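The next block holds one structure in the form of structure tokens; read it before the comments.
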Amino acid sequence: MSMAAPERPLALEGRPTAQVIADHLRDQIVQRSIRPGQQINESFLAEQLNTSRGPLREALQRFVPGRDPDQPAQLRSVRQGGRNA
């Protein structure tokens, strides 16, 4: 995966961890660091963001309405338009 780890730790600034992660992922999608069709490995991404998979799954839920955050998914892919599949 070509997504680079953040240059500095993500700042919570009083916000829930999942929201901070979702904002970071949205920025990566907009900046095309995460490209349409690119597969995203939850374990790898959690390690890159220095977080557990729980907050990461919660963040991903914000992109995929109706997805159960307790259902593990090893790989996801980004769809055209910035929505996860």
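Worth a mention:
- Looking across ARG67, ARG76, ARG57, ARG83, one residue alone is basic (Lys, Arg) and either in contact with a Pro (Cβ under 8 Å, 6 or more places away or on another chain) or at pLDDT 65 or above (or both). It is ARG57.
- The set of residues from the stretch 45-57 being in contact (Cβ under 8 Å) with a residue 40 or more places away in the chain, assigned to a helix (DSSP H, G or I) and either crowded, with 17+ Cβ neighbours inside 10 Å or on the phi > 0 side of the Ramachandran plot (or both) comprises just one member, LEU45.
The values are calculated or read from the model by the stated rules, or taken from the named source; none is laboratory data. Every value quoted in this text rests on a predicted model; they were computed, and no experiment measured them. Here Cβ is always computed from backbone atoms with ideal geometry, including for glycine, and neighbour counts include all displayed protein chains.
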